[in-house]
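Just below is one structure, and these are the notes that go with it.
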Amino acid sequence: MAVHNAEVAELFNRLADLLEIEGANVFRVRAYRRAAQTIEDLPVSVAEMVEQGQDLSKLPGIGRDLAGKIEEIVKTGKFTALEEVTARLPSSLATLVAVPGLGPKRVQLIHDKLGVRSLEDLAAAARAHKLRSLPRFSPKLEARILEELERHRTTERRFRIATAAEFAEALRAHMQRCPGVEQVVVAGSYRRCKETVGDLDLLVTCAKSKHVIEHFVAFEEVAEITAKGSTRAAIALKAGMQADIRVVPAKSYGAALHYFTGSKDHNIHIRKLGQARGLKINEYGIFRDDKRIGGRTEEEVFAAVGLPYIEPELREDRGEIEAAQEGRLPKLVTLRDIRGDLHCHTNASDGKNALVQMVEAARARGYEYLAITDHSKHATVARGLDEKRLSKQLDEIDRLNDSLDGFRVLKSCEVDILADGTLDLPDRILKRLDFVVCAVHYKFDMDAKSQTERILRAMDNPYCKILAHPTGRLLLERPGYALEIERVLRGAKERGCFLELNSHPSRLDLDDVHCKAAKEMGILISIGTDAHSTMGLDAMRYGVGQARRGWLEPKDILNTRPWPELKRLLAR
Ligand code: DGT
Ligand code: CA
Ligand code: CA
């Protein structure tokens with residue numbers, strides 16, 4: 001895809017903004033701004049000029065250095081200079097510059113004078129009226145910034161599912177303590193187990209709604225009550241997350257639950273099916289000629305349009321309604337189907353707990369096995385194991401296994417895939433492992449083709465059985481590295497390699513869509529938590545949630561199998 005002039009200009013402007021915060025030479029900053037202007041005004045595409053080998057340095061205000069930078073952006077999609085400044089500055093300063101009304105000079109000022117480093121700091125400073133008296137600021141601008149922050153919070157901010165879970169569960173418990181309340185469900189994207197959640201949508205059944213609303217807004221974490229009526233309310237929590245509540249009578253519960261679980265696209269599709277049958281389906285119930293014919297349960301909603309129950313995780317209008325019509329809905333995996341965890345760390349590398357503690361924790365969770373996958377030596381910050389230390393750990397596991405009954409510790413290692421696609425440890429030690437997990441942990445900046453080939457090369461090694469967190473993304477932090485994911489899937493299939501669904505709430509990698517694609521190609525998925533502590537093992541629920549969104553059944557997953565069967569699958 002060709003890069004548009006506007007995009008190049010935007011990158012140059014961003015660079016100028018960040019350099020300005022850093023206090024860079026004003027002429028340099030100005031040169032980037034001028035170049036951005038030139039590019040934006042240009043009647044021809046710089047991408048095309050580069051492609052045709054034209055000399056960009058002939059353009060006004062664009063010297064050799066800038067021409068080189070434009071070429072880099074056009075050819076690689078990267079902008080090293082910008083990445084470098086971004087890496088030098090506290091990441092939130094870059095976010096601050098983007099707040100309308102602020103800009104680099106003001107960000108620099110509030111950073112230096114008030115120590116503001118994040119959006120939270122900014123909101124606090126604005127609320128305390130500390131901005132208005134600074135040069136370049138005014139009470140009016142201060143108010144505008146607060147407004148912008150509010151808008152930002154309500155429209156854009158998302159939370160990882162694990163963060164959402166903390167508040168969802170606390171709110172659910174809070175509402176359950178309210179007298180007279182019957183059902184309490186957190187619906188919306190949270191119920192669909194989406195990897196990130198925008199806001200929480202609570203649904204409560206109760207005959208008397210007024211005191212339920214009062215109870216809701218009295219939740220101790222409330223920062224602000226943004227709406228309050230007799231059967232609904234909305235609050236903003238101190239942590240920035242928003243929550244809505246609706247109180248409905250029992251006769252509407254199923255219809256309301258279906259409606260507020262969404263997704264919107266799924267709802268619209270179901271409503272259309274209803275219309276075709278002369279039914280009106282909304283959050284209050286199912287109606288024919290304004291006469292209520294159902295709505296007490298979700299099953300009634302589906303049955304009204306001739307469908308069996310569809311699990312919330314599938315409700316994205318990605319074919320689940322057609323599958324339901326044709327009787328081929330998947331029988332989704334549940335947490336109970338999981339027999340062990342295939343990815344965790346101990347304090348031998350960067351984990352917090354010792355081997356025996358991890359094993360005890362896994363047994364306490366009802367597992368039959370746990371694979372220990374500490375880092376290999378290239379991951380120096382994670383104190384990765386070299387051959388000697390790994391060998392010592394393997395001896396320790398052998399001894400531990402001798403003493404364990406009805407549980408097996410699997411010998412593994414999360415081996416770094418080196419830049420050239422070779423593995424970080426030699427085969428002579430890998431062959432002692434039950435299986436090897438491989439992962440990319442550095443050099444994320446390769447182009448898609450090289451990164452793909454690097455990974456395929458790693459999978460050529462017959463010891464490489466599972467590719468961990470295949471895309472390397474960190475949710476709400478950084479996208480995955482450039483990758484030809486379809487080629488990786490095909491490559492894994494051809495080589496008999498499996499892919500991981502990393503359950504860590506900041507990863508959830510593979511995503512739902514690629515889990516489904518893998519399933520359709522017959523590639524088995526390993527759900528691993530990447531736990532770095534005993535508590536980390538509990539992230540399995542998020543992995544399972546994501547697997548369900550990816551239509552996975554127990555048979556599509558490696559660690560739903562008892563050890564003897566798993567052992568056969570992992571055999572080279
Ligand atoms: P989120 O909060 O951004 O993670 O995503 P959701 O899915 O929780 O969306 P939200 O909170 O805006 O609304 C909750 C549910 O309410 C949504 O999943 C479906 C339903 N809903 C919201 N707006 C509409 C709409 O315009 N039409 C229909 N049919 N349903 C809607
Ligand atoms: Ca929501
Ligand atoms: Ca909502």
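Just how large is the dipole of the chain about the Cα centre, in debye to the nearest 20, putting +1 at every Lys and Arg Cβ and -1 at every Asp and Glu Cβ?
940
Compute the FRET efficiency between Y442 and Q275 as 1/(1 + (r/R0)^6), taking r as their Cβ-Cβ distance and R0 = 60 Å, and round to the nearest 0.05.
Details: r = 54 Å, r/R0 = 0.90.
Result of the calculation: an efficiency of 0.65.
S133 to A250: extension gain in nm, 0.36 nm per residue of separation minus the Cα-Cα distance?
Numbers: separation 117, 0.36 × 117 = 42.12 nm, distance 5.46 nm.
Length difference between fully extended and current span is 36.7 nm.
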Could you tell me the calculated FRET efficiency between K140 and L335, based on Cβ-Cβ distance and R0 = 35 angstrom, to the nearest 0.05?
0.05
Find which of T422, F407, V440 sits farthest along the positive direction of the dipole of region 407-451, computed with +1 on the beta-carbon of Lys and Arg, -1 on that of Asp and Glu, about the Cα centre.
F407
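With every protein chain present, what is the per residue accessible area of region 236-369 (1.4 Å probe, Å²)?
45
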So for region 405-543, what percent of the C-alpha to C-alpha distances run longer than 25 Å?
23
Evaluate the distance, in nm, between pseudo-label points positioned 7 Å from the Cα of K208 and of S450 along their respective Cα→Cβ axes.
7.0
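Helix-only estimate, please: 222 nm mean residue ellipticity of the chain, summing -39500 (n - 2.57) across DSSP H runs of length 4 or more and dividing by its residues, to the nearest 500. Mind dumping the intermediate values first?
Working: 24 runs with 253 residues, N = 572.
The helix-only estimate for the chain comes to -13000 deg cm²/dmol at 222 nm.
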What residue among F79, P60, L93 has its Cα farthest toward the positive end of the dipole of the chain, where the charges are +1 on Lys, Arg and -1 on Asp, Glu, each on the Cβ?
L93
Over what distance in Å are the Cα centres of region 19-47 and region 67-135 separated?
17
For A173 and E221 in the same chain, what is the full-extension length gain: residue separation times 0.36 nm, less their Cα-Cα distance, in nm?
16.0 nm
Taking the Kirkwood radius as the inverse of the mean 1/r across Cα pairs, report the Rg/Rh of the chain.
1.01
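Can you compute the charge dipole magnitude of region 157-248 about its Cα centre, using +1 on each Lys and Arg Cβ and -1 on each Asp and Glu Cβ, nothing else charged? Give it in debye, rounded to the nearest 20.
About 220 debye.
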Considering only DSSP beta bridges where both residues belong to region 189-338, give the percentage that are antiparallel (nearest 5).
70
Which length gain, in nm to one decimal place, applies between Y284 and R383 when the Cα-Cα distance is subtracted from 0.36 nm times their residue separation?
29.9 nm
Which percent of the accessible heavy-atom area of region 5-154 goes to carbon and sulfur, probe 1.4 angstrom?
50
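Which value, in debye to the nearest 20, describes the size of the charge dipole of region 258-329 about its Cα centre when Lys and Arg Cβ atoms bear +1, Asp and Glu Cβ atoms bear -1, and nothing else is charged?
360
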Calculated Rg and Dmax of region 362-474 using C-alpha coordinates, Å:
15.0, 48
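Using a 1.4 Å probe on the protein heavy atoms, what percent of the accessible area of region 216-319 belongs to carbon and sulfur? List each step's numbers first, then the result.
Numbers: 2330 of 4830 Å².
Here it works out to 48 percent.
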Which residue, chosen from I145, H174, A162, occupies the Cα position most advanced towards the positive end of the dipole of region 135-200, where the dipole is computed from +1 (Lys, Arg) and -1 (Asp, Glu) charges on Cβ about the Cα centre?
I145
Nitroxide proxy distance, nm - points 7 Å out along Cα→Cβ at R365 and R151
4.3
Restricted to the chain, the DSSP antiparallel beta bridge percent, nearest 5, is 45
What's the long-distance tail for region 89-236, i.e. % of Cα pairs beyond 20 Å?
57
Under 16 Å from a label point 7 Å along Cα→Cβ of S230: give me every residue in region 178-207 with its amide N that close.
206-207
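If you take the beta carbon distance between D112 and E84 as r and set R0 to 25 Å, what does 1/(1 + (r/R0)^6) give as a FRET efficiency, to the nearest 0.05?
On the way: r = 22 Å, r/R0 = 0.88.
With R0 = 25 Å, the Cβ-Cβ based efficiency is 0.70.
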Got a number for carbon plus sulfur as a percent of region 335-570's accessible area, 1.4 Å probe?
50
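The values are calculated or read from the model by the stated rules, or taken from the named source; none is laboratory data. All figures in this text were calculated on a predicted structure; none of them were measured in a lab. Here Cβ is always computed from backbone atoms with ideal geometry, including for glycine, and neighbour counts include all displayed protein chains. To get the accessible areas, we keep the full protein, side chains included, count just its heavy atoms, and leave off ligands, DNA and RNA. Shrake-Rupley method; radii C 1.70, N 1.55, O 1.52, S 1.80 Å.
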